[in-house]
Amino acid sequence: MRILRSRSFRASVSDSNYHFNVGFRRFVTSCRAVVLPRFGGPEVLELHPNVDVPDLKPHEVLVRTRAVSINPLDTRMRSGYGRSIFEPLLPLILGRDVSGEVAAVGDSVRGLSVGQEVFGALHPTAVRGTYADYAILSDEELAPKPASVTHVEASVIPFAALTAWRALKSTARIAEGQRVLVVGGGGAVGLAAIQISVAKGCHVTTTCGKRSIDRVLAAGAEQAVDYTAEDIEFVIKGKFDAVLDTIGGPETERISVNFLKRGGHYMTLQGEAASLTDRYGIAFGLPVATAVLLKKQNQYRCSHGIEYWWTYMRADAEGLFEIQKLSEAGKLNIPVEKTFPITQVIEAHEAKEKKQIHGKVVLKFD
């Protein structure tokens, strides 16, 4: 790891090899990072000892990473998802979630201070991810870490919870007393969606596999339907104000849409923007994706009187702050099933890809 003097940052770096007091204008210029040099299986991931750490922009924060979670987006990106966007930018660093301590802040950062424990998540299209000893995020992508949870526990929350938050709070604008259906409630986004909806005072029904039934009920769902053993269309009764579909696919979409009240919102995580741009390239693929989405939106407004959306995670400072409060109060929790040291990132990706681990996997940093 290399360090330099700087007049542009307030910094304090502390680990087993380095310690600089607050007030010393120094910052890290290189660190360990997991690099993706090309698309492929877990074996393509490379742990490099000295990867450059860019200079901080005025609203950016340097975070000493303590834990990062492995999200489905990470394994999909590694395999080539979003190729049209990311291939010209290779090599890149995977990772979206992070929990750690503030090591340095840009000149315009006011809400966070050096040494403070924080957690947060990068946008899905970020090129320099969080699989690194030092991650860079904007101040709007970070919030104080909930004091009641560890770095490992905190690292699995932001990306999944912000994905659910955008769908339910920003798009559907759920309100107390409404009915919410979460399709695929056993995953991290589904669990977050259940807890966010319950905290808002909504009545939640969810579908999941048998081994997730107890977990989703403990999260606050009033009804949990095992989609592998029961006919969802027959078992679930009544209409819903919002449906968050984490599974996707034509049949799931058809069933979900038919559960909605007029004026309700259907939101799927499996939008077609990335796949269409991969197929046709950015220049042609993005307009095609926009046209497909608009066609579906108009179709469902006419046929069902509902709103149809492809939903994605995005930075939301207010949302992350509310998520932090829910977690601190014990109302939002995503269980961690297994941890790996960052030196075993290949093994961690292999375990997730082979479905050897059902729940969340976290990479820990020294």
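Values for this structure:
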read-out: Packing-based order for 322-333, 32-43, using average beta carbon neighbours within 10 Å, highest first; value: 322-333, 32-43
read-out: Candidates Ala229, Ala103, Ala121: whichever shows maximal mean-square fluctuation once the chain is modelled as a Gaussian network with Cα springs under 10 Å; value: Ala229
read-out: Residue with peak Gaussian network fluctuation, the chain [Cα springs, cutoff 10 Å], from Lys354, Lys239, Lys261; value: Lys354
read-out: Carbon plus sulfur fraction of accessible area for the range 58-156, probe 1.4 Å, in percent; value: 55 percent
read-out: Straight-distance crosslink candidates among lysines, where the alpha carbon sits under 17 Å from Lys239 and sequence neighbours closer than 8 are dropped; value: Lys261
read-out: Percentage, to the nearest whole number, of Cα pairs in the range 173-226 over 18 Å apart; value: 17 percent
read-out: Per residue accessible area in Å² of the range 208-350, where ligands, DNA and RNA are left out and the probe is 1.4 Å; value: 52 Å²
read-out: Relative packing of 188-200, 263-275, which averages over residues the other C-beta atoms within 10 Å, highest first; value: 188-200, 263-275
read-out: Fraction of accessible area attributable to carbon and sulfur, the range 261-366 (%, probe 1.4 Å); value: 54 percent
read-out: Residue with peak Gaussian network fluctuation, the chain [Cα springs, cutoff 10 Å], from Val292, Val61, Val109; value: Val292
read-out: Cα gyration tensor, the range 264-366 - rounded (a/c under 1.5), prolate or oblate; value: oblate
read-out: Kirkwood-based Rg to Rh ratio, the range 176-334, C-alpha trace; value: 0.99
read-out: Filtered trypsin sites (Lys or Arg not before Pro), the range 74-134: DSSP coil and at most 14 other beta carbons within 10 Å; value: Arg110
read-out: DSSP-defined beta bridges in the chain - what % are antiparallel, rounded to 5; value: 55 percent
read-out: Computed label-point distance, nm, for sites Ser79 and Asp107 using a 7 Å Cα→Cβ extension; value: 4.6 nm
read-out: Heavy-atom surface of the range 32-148, accessible at 1.4 Å and reported per residue (Å²); value: 35 Å²
read-out: Nearby aspartates and glutamates by direct alpha-carbon distance to Lys331 (threshold 12 angstrom, same-chain neighbours under 8 apart not counted); value: Glu322
read-out: Label-point gap, in nm, between Ser303 and Glu353 - each point 7 angstrom along Cα→Cβ; value: 3.7 nm
read-out: Shape category assigned to the range 277-316 from the gyration tensor of Cα positions, a/c cut at 1.5; value: oblate
read-out: GluC sites (Glu not before Pro) restricted to DSSP loop in the range 52-161 with at most 13 other C-beta within 10 Å; value: none
read-out: Estimated inter-spin distance, Asp366 and Thr29, nm [label 7 Å along Cα→Cβ]; value: 2.2 nm
read-out: For the range 38-196: rounded, prolate or oblate by the Cα gyration tensor [a/c cutoff 1.5]; value: oblate
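The values are calculated or read from the model by the stated rules, or taken from the named source; none is laboratory data. Keep in mind that what you see is a predicted model, and the values were worked out from it rather than measured. Neighbour counts are summed over all protein chains in view; Cβ atoms, including those assigned to glycine, are modelled from backbone coordinates with ideal geometry. For accessibility, only protein heavy atoms count, side chains too; no ligands or nucleic acids. Shrake-Rupley method; radii C 1.70, N 1.55, O 1.52, S 1.80 Å.
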